[in-house]
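Asks: This is the structure, below, for whatever I ask next.
The values are calculated or read from the model by the stated rules, or taken from the named source; none is laboratory data. The structure presented is a predicted model; accordingly, all values stated were derived computationally and were not measured. In case anyone asks, the SASA skips ligands and DNA or RNA and just uses the protein heavy atoms, side chains included. Shrake-Rupley method; radii C 1.70, N 1.55, O 1.52, S 1.80 Å.
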Amino acid sequence: MFHKILVAINDTESGQQVFKETLSLATATNAELFLLHIISPVEDGELNLFSLQTDSIYGSFHTHGVEYYVREWEALKKHGIEFLTFPDFLKKSGI
């Protein structure tokens, strides 16, 4: 039936349910399961994109905005990587 299954996951209750259902389907059909997790800087207002305005007359203000954005982006990436370390996600999914 299925040989390969690609599923997008996130750290929400519905994301965990989708993962459980997809894992069951992959197990039942002996398919390979590929997981996709997207890190988006605009999801849920995670990052303030207005801090990157390039038309500012205050050069140092712009520099601080870029530095802030880079720090926040790195924190967001770290959270995404930690999410993909499965013990916690599997535990939350009840597996």
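Asks: Give me the accessible area of Ser14, 1.4 Å probe, in Å² rounded to the nearest 10.
Replies: In the full protein context, Ser14 sits at about 80 Å².
Asks: Gain in length, Asp11 to Glu67, computed as 0.36 nm per residue apart minus the alpha-carbon separation, to one decimal in nm?
Replies: 17.5 nm
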